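Working notes for the structure below.
The values are calculated or read from the model by the stated rules, or taken from the named source; none is laboratory data. This structure is a prediction, so every number in the text was calculated from the model and none was measured. Ideal geometry is used to build each Cβ from the backbone, glycine not excepted, and the neighbour counts take in all protein chains shown. Heads up: the accessible areas ignore ligands, DNA and RNA and are worked out on the full protein's heavy atoms, side chains in. Shrake-Rupley method; radii C 1.70, N 1.55, O 1.52, S 1.80 Å.
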Amino acid sequence: MQFHHHGYVSGDPRVKPAAGVGIDRPGELPDEIDVLVVGSGPAGMLLGAQLSQYPEVVARVIERRDGRLVLGQADGIQPRSVETFQAFGFAERITAEAYNIGYMNFWGPDPADPTKIVRTSRTEDYGYKISEFPHLIVNQARVLDYFAEAAANGPGRIVPDYGIEFTGLTVHDEGSDAAGEYPVEVRVRYTAGERAGEERTVRAKYVVGSDGARSGVREAIGRKHVGGSSAHAWGVMDVVVNTDFPDWRTKCAINSAAGNILHIPREGGYLCRMYIDLGEVVDDTHEVRKTPIETIIAKANDILNPYTLDVRNVAWFSVYEVGHRVTDHFDDRTVSDTSGGADAAPRVFLTGDACHTHSAKAGQGMNVSMQDGFNLGWKLGSVVTGRAPAELLATYSAERQPVAQQLIDFDREWSSLMARKPEEISDPQELAKHYLGTAEFPSGFMTHYGPSMITGDAAHQSLATGFPIGMRFKSSPVSLVCDGNVVHLGHHARADGRWRIYAFADAPAAGEASALADWAEWMASPDAPLARFTPDGVDVDAVFDVKVIYQQPHEGVDIMAAPEVFRPRTGPLALMDWEKVFAAGPSAWCPSDIFEERGISRDGAVVVVRPDQYVAHVLPLTATEELAAFFAQHLLPQRAVADASADAVVEGDLVSR
């Protein structure tokens, strides 16, 4: 964590100075809003936290509840989500209070007495096997609390507007008199406080529907949930118990003659969640949803025979029928205008359960919803601030809708495997094998975005095989040259809306003639992206966070010999940033070499990473024209090239503009 570069900080460094609309933020919902987020669920609150990093943007999050969520239904946190939490600054804290899934055990009928269950296998969970992040269980309410804190502590000082519900919207045609600068007319109603029942209309540039499976925003733009429910019901309960079941504090999949249970320990050491198989649904009247908790508990005891549960407290329970649905499109564009163009840019978006629903047993809902928000948030911030063209927003639905369909396909298969009867299982180890064999997908690491204006082609993928283009940036340890401390390269990046450009050096040392030195000289020039796309009056690294990784050990790198583009002077005091120069060579504290770990060419490479942590491009150090052309596809020039050199360099060092 870096601070003091704006002067001495004696308080919590996570609380950033208020800026823009965050200064004297009005308590009342404004009449005109740049981005209106409907719903304060996982996607909505992540959007709030992300947009708070854009204090020029008037962003509000409305929620019909009168306050914070007290009891959340979702609880599974996949490794990719923990990686996201790390970017927002709270991974360590939420991990400390969560339950870490270290193992998953599997139970089945006892061959000697099929009416009873026995443990058939123990498996190590996949979290730490495929990343440096754990697989956690923690209440959704706490996840929202942490995102709310990040939003409130950001420069934009965003806090949810509780007690306001969405009732409808109208998107006026672009260019019409009714459209103006804020073409989305939104109708809302107050649900709490002195104004309860009052209705009003606000205007917005963009609206995001994060309002759940029964989304009013989805209905307002005419989108349809496509899919249906299976004829199978499950009861779910959060309970504290006394029991003789030995794996009560271990995640388990239990198959018996009486049905199936997915058992998940919760945070705190006592609470557990149980998904209990209630069997086939014989009609479509949904009467099964009225199943009382006593029946669910009795069913759980039948399945667990010879073990018993003495339920001492029920924190929450519900009954649901497994449904799999994906919305036909995740924004408001019509089929005829999805080919592109500024006039076809979307104005209304859907995220989370508003555009995809499925069973809860794969632990995907909250996780995929947050990635929806992460994908969309920086794009909205970039467009509203004038850094990117409106066409960028069309990439949201293009990228996230295929992910949602993959999720539905995965969840359908997992739900079917979980619901099988003992006589339908030929291999008792099949479920355990499937769980581990498909781990990368539920972890969130298999998302792969195709080529687009923000994702390059794979022509130079061989230069960095461990950073697949279109997939999340898989971090690896490196050493900070300034002090020798080991950090994960990817963990150094925050969810601040900036692009990351990692320059992996060729063999020569810092200060020697090299391809890296030539690249750095170009990057500091007036016609390079750094000057062309960074606005006046902001830090030189406000849009691009440019870092270098040398092949030598840290003690073999002279930091003062590193090119000045990697040592920018930022903030009002124009202080040199010491934490953009890294070393890959093994040391006492860092036994690995990122060049070896991630298949990076010893001739060097440039790896471009999007603000949502996905690899956007891999290029040779010599491909400067390609790099400039790539950014020109999705960023708007902030200054004329001829003027770019006027204040880019002061006394030989890159400084704040």
Item to check | Farthest toward positive dipole pole in the chain [+1 Lys/Arg, -1 Asp/Glu at C-beta], among 5, 171, 114 | outcome: 114
Checklist entry - What are the lysines whose alpha-carbon lies under 30 Å from the alpha-carbon of residue 299, with same-chain residues fewer than 8 places away excluded? => result 116, 251, 290, 361, 421, 433
Item to check | Whole-angstrom gap from the range 232-256 to the range 572-603, using each part's C-alpha centre | outcome: 46 Å
Checklist outcome for this item: Note: residue 31 to residue 270 extended length (0.36 nm per residue) minus current alpha-carbon separation gives 81.3 nm
Checklist entry - When the accessible area of the chain is computed with all protein chains present and a 1.4 Å probe, what percentage of it is carbon and sulfur? => result 51 percent
Checklist outcome for this item: Taking placed amide H atoms and a strict 5 Å upper bound, the residues 5 or more places from residue 328 or on another chain that come that close are 224, 226
Checklist entry - Which whole-Hz ³J(HN,Hα) couplings does the range 181-186 yield from phi under the Karplus relation 6.51 cos²θ - 1.76 cosθ + 1.60, θ = phi - 60°, glycine and proline marked x? => result 7, 10, x, 9, 8, 10
Item to check | Karplus (6.51, -1.76, 1.60) ³J(HN,Hα), θ = phi - 60°, over the range 164-174, in Hz, Gly and Pro reported as x | outcome: 9, 10, 7, 10, x, 8, 9, 9, 7, 4, 4
Item to check | Cβ charges +1 (Lys, Arg) and -1 (Asp, Glu), total dipole of the chain, debye | outcome: 1120 debye
Checklist outcome for this item: To the nearest Å², the heavy-atom accessible area per residue of the chain with 1.4 Å probe amounts to 39 Å²
Next on the checklist: Need the full-extension length gain, residue 96 to residue 198, defined as separation in residues times 0.36 nm minus the C-alpha distance. One decimal, nm.
Outcome noted: 32.5 nm
Checklist entry - For Rg/Rh (Cα atoms, Kirkwood Rh), the choices are (i) 0.99; (ii) 1.13; (iii) 1.09; which was calculated from the structure? => result (i)
Item to check | Coil-residue trypsin sites (Lys or Arg not before Pro) of the range 127-218, DSSP, other Cβ within 10 Å capped at 14 | outcome: 195, 214
Checklist entry - What residues have an amide H closer than 5 Å to that of residue 120, excluding those fewer than 5 places away on the same chain, when H is modeled at 1.01 Å from N in the peptide plane? => result 106, 107, 108
Checklist entry - In whole percent, what relative contact order does the chain give with Cα contacts below 8 Å and a gap of six or more residues? => result 14 percent
Item to check | When the convex hull of its Cα atoms is projected in every direction, mean area for the range 173-232 (nm²) | outcome: 6.7 nm²
Next on the checklist: Positive end of the dipole of the chain, charges at C-beta (+1 Lys, Arg; -1 Asp, Glu), about the Cα centre: which of 584, 548, 416 has its Cα farthest in that direction?
Outcome noted: 416
Checklist outcome for this item: Given Cβ charges of +1 for Lys and Arg and -1 for Asp and Glu, the option among 78, 27, 15 whose Cα lies farthest towards the positive end of the dipole of the range 1-129 is 78
Item to check | Electrostatic dipole magnitude of the range 40-188 [Cβ: Lys, Arg +1; Asp, Glu -1; Cα centre; debye, to 20] | outcome: 600 debye
Item to check | Long-range HN-HN contacts of residue 135 with modeled amide H, under 5 Å | outcome: 101, 127, 128
Checklist outcome for this item: Computed about the Cα centre, the charge dipole of the range 124-271 from +1 Lys/Arg and -1 Asp/Glu charges at the Cβ has a magnitude in debye, to the nearest 20, of 200 debye
